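These notes concern the structure reproduced below.
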Amino acid sequence: MSRSEQKIVQYLGEAHAMELGLVRDLQAQIAMAPRGSYRSALQTHLQETREHARNVQVRLEEVRGGGNPIQAMMGLAESTVSQLLALGKAPLSLLRGASNEEKILKNAKETCASEALEIATYTAIEHLARSIGDETTAELAVSIGKDEQKMLARVMRELPRLTGAVVDVEIEGQPSFDLGDTGATDAARELAQTGKQAARKAEVRVRRTARSARRVPGVAQAEGQIKGVVASEQDLAVADYDELNASDLVEKLPQLSQVDLAKVDSYERKNQNRTTVRARISSLRGSEPWPGYDDQGVEEIRKALADADETRAKEVQVYERAHKNRTGVLAAAEREVANA
């Protein structure tokens, strides 16, 4: 994949993540909005947003062509984070503001901000695509951008009426609707349940894609290094990490994969930064006998060794002894060396 294609993939991935996040936010707003022109606008744009997400995903896959697994992993993670943030935000949209009318007005103002960001994103995608001769992506960006501009204009037209409703209820004491009449409570409950299910599915997809990506040399350590920068103690593969002294921690490090070693390395550097721990991590970090080795169980490694030559079997011996030191793997490697 060329550098220009990589940049298109990056921008389309950002747009796709935004569309997925907006779907959840629109659903939450629709749940609390009373019948009327603003709710109709939200419902129409929800359908458009779903279509935008589908079209951007299709184009993303066409440009990527199944290509770089690192980008696939990062893109999926980005989309997942966006969805989870939106899922967490959705119930809050039902609660914010002093009155029901003010809740809707605040959400409408945020919708304007979201639409402006989308317009800017698709404008950038259009110009990037045209600069490299990718007319298909450029036309897609133009088409979606027009929908976002129409939605922004429509919400802007609604703001005076929505503001008037706030004045009526908070100054004049005349509410325009009852939140209970919108089914918001049921919607919040449904969104929470949907959010849990989506989070579980998203987590499985991320793990599956990450395992695939780690089979490319160098990906495992890069993944761990990035994760470690933002990791908390609970994200590490060593329980009660912050409570362990250097000696106890050094004993546990050989059991970790290259991903987890890299993650711990970044975490240790930004926190206690102990020389003994970092030196031990450094001694353990290195190339796996083959990409994906750390994710494999004993039987998988045995099968792989059956087709390995003497050099590869010896590499397994050295690496396994320094790390997990599994009897079944060492026996299989020794057998292959003896039969070579």
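The values are calculated or read from the model by the stated rules, or taken from the named source; none is laboratory data. All of these numbers come straight from a predicted model, not from anything done at the bench. In this analysis, Cβ positions are derived from the backbone assuming ideal geometry, glycine residues included, and neighbour counts consider all displayed protein chains.
Quick look at the numbers
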{"item": "When residues of the stretch 249-281 are limited to those that are out of contact with any Asp or Glu (no Cβ under 8 Å at 6 or more places or on another chain) and small (G, A, S), the one surrounded by the most Cβ atoms within 10 Å (Cβ to Cβ)", "result": "S266"}
{"item": "Residues within the stretch 266-281 that are modelled with pLDDT of 90 or more and among the charged types (D, E, K, R), tallied", "result": "4"}
{"item": "The stretch 235-248 residues that are surrounded by 11 or more Cβ atoms within 10 Å (Cβ to Cβ), paired with ones that are not β-branched (V, I, T) (beta carbon under 6 Å, 6 or more apart)", "result": "A237/L256; A237/D260; V238/K252; Y241/E233; D242/E233; A246/R274"}
{"item": "Residues within the stretch 38-59 that are closer than 15 Å to M151 by Cα and of a type outside the set (D, E, K, R), tallied", "result": "11"}
{"item": "Per-region count, the stretch 12-34, residues surrounded by fewer than 22 Cβ atoms within 10 Å (Cβ to Cβ) and more than 14 Å from the chain's Cα centre (by Cα)", "result": "4"}
{"item": "Hits in the stretch 165-178 (condition: modelled with pLDDT of 80 or more and either outside the structural domain of I104 (by TED's automatic domain parsing) or under 39 Å from the mean Cα position of the chain (by Cα) (or both))", "result": "A165, V166"}
{"item": "Among residues of the stretch 318-340, those that are surrounded by fewer than 18 Cβ atoms within 10 Å (Cβ to Cβ) and not aliphatic (A, V, I, L, M), counted", "result": "9"}
{"item": "All positions within the stretch 122-159 that are β-branched (V, I, T) and either outside any helix (DSSP H, G or I) or modelled with pLDDT under 95 (or both)", "result": "I132"}
{"item": "Residues (modelled with pLDDT of 90 or more and in a helix (DSSP H, G or I)) located in the stretch 235-248", "result": "Y241, D242, E243, A246, S247, D248"}
{"item": "Any hit, the stretch 104-118, residues being modelled with pLDDT of 85 or more and within 22 Å of I8 (Cβ to Cβ)", "result": "yes"}
